[in-house]
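This report concerns only the one structure given below.
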Amino acid sequence: TKQVAVGNPPFTVCHYKGYTYVACQNGAVDRIDEGGQVTPSFIKVTYWVTGIIAHEDRLYTLMYGCGGPYKVYVHDLTGQQLHSWNHGDRGNYTARALGIINNELVIADRTNKRFTIYTLTGGRVRDVPCKLISNHHLTICHAADNSILVANFDAKPELYRVNLTTGNIEWRSDRVDNPVGILMHSKDVALVTSYSISQQVKIWTLNADTGK
């Protein structure tokens, strides 16, 4: 175990091809190599980077809009910006509200209660309405086929699975109190983190097919 310091409070991270990319609250993405060497502000945008994901030698980041629309950036692995576009969400900051499924980028839009699907260069493919989307914090991850798992953390915290082809909610679950993060651990098992001010962070296992 090795402790590494980054230049600003971290918001979310991803690991890709030997590097860890740490999205920070000052608009920077710091890069950490396997030896613990930090490259500060490897990527720099205007406001908080609230989500980051890597795919086919590209880094996709979601930037908080600070009252305006969120913005999506695409960089290569040298830190060079390739594409950017506005995204409809204008809500408060949220972490990890983006994912990649079948070579398309899926991003939650809390303002308009939908998931918007883009090409990897920013072309709008379609919108998938979803009334369950949180007004506050949510996290998504790819489950299987054309489905995503969603962790809502707000006045009514819950987990649910959305089929992006049909728009159907495949299941809903309230078994995890205050879920703040979700990711797939194996083909049918998801890991969920929960948070309470009075308690330590907990990690739960969840059947991604049934929600149990």
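The values are calculated or read from the model by the stated rules, or taken from the named source; none is laboratory data. Keep in mind that this is a model prediction, so the values were computed, not measured. As a convention, Cβ positions derive from the backbone with ideal geometry for all residues, glycine included, and neighbour counts pool all protein chains shown. Only protein heavy atoms, including side chains, enter the accessible area calculation; ligands, DNA and RNA are left aside. Shrake-Rupley method; radii C 1.70, N 1.55, O 1.52, S 1.80 Å.
Counting only heavy atoms of the protein chains and using a 1.4 Å probe, Ser84 has close to 50 Å² of accessible surface. Relative to the 2.2 N^0.38 Å rule of thumb, the chain has a C-alpha radius of gyration ratio of 0.98. The phi torsions of segment 47-52, fed into the Karplus equation with coefficients 6.51, -1.76 and 1.60 and a -60° offset, translate into couplings of 10, 4, 8, 9, x, 8 Hz, rounded to whole numbers, with Gly and Pro shown as x. Stretching the chain fully between Lys156 and Asn168 yields a gain of 2.4 nm (0.36 nm per residue, less the alpha carbon separation). Between Asp76 and Leu132, full extension at 0.36 nm per residue minus the direct alpha carbon distance yields a gain of 16.8 nm. Normalised by the number of residues in segment 91-131, the mean separation of alpha-carbon contacts (under 8 Å, six or more apart) gives a relative contact order of 27 percent. As a calculated quantity, the FRET efficiency between Arg175 and Lys2 at R0 = 35 Å, using C-beta atoms, amounts to about 0.50. When all protein chains stay in place and ligands, DNA and RNA are ignored, the 1.4 Å accessible-area order of His137, His185, His142, largest first, is His185, His142, His137. Pull up the cross-link candidates among the lysines for Lys71, meaning alpha carbon to alpha carbon under 21 Å and not fewer than 8 places away within one chain. Cα-Cα hits under 21 Å: Lys44, Lys113. Here each label is just a point 7 Å from Cα along the line to Cβ, and for Ser84 and Thr205 those points are 4.4 nm apart. One decimal place: the segment Val13-Leu191 gains 62.5 nm when fully extended, by the rule 0.36 nm per residue minus the C-alpha distance.
Calculate, for segment 47-172, the solvent-accessible area per residue in square angstrom, rolling a 1.4 angstrom probe over the heavy atoms of the protein chains.
With all protein chains present, segment 47-172 gives 40 Å² per residue.
Here the contact order of the chain, divided by its residue count and restricted to Cα pairs under 8 Å and six or more residues apart, works out to 9 percent. Model label sites at Thr121 and Glu56, defined 7 Å from Cα along the beta-carbon direction, differ in position by 1.1 nm. In order along segment 129-138, phi translates into HN-Hα couplings of x, 7, 6, 7, 4, 5, 7, 10, 9, 8 Hz, rounded to whole numbers, per the Karplus curve 6.51 cos²θ - 1.76 cosθ + 1.60 with θ = phi - 60° and x for Gly and Pro. Straight-line cross-link reach from Lys212 at under 15 Å between alpha-carbon atoms covers these aspartates and glutamates, not counting any fewer than eight positions away in the same chain: Glu158, Glu170, Asp174, Asp177, Asp188.
Here is the list for segment 57-153: trypsin sites (Lys or Arg not before Pro) lying in DSSP coil, each with at most 11 other C-beta atoms within 10 angstrom of its C-beta, are Lys131.
One Cα centroid belongs to segment 123-196, the other to segment 61-115; the line between them spans 17 Å.
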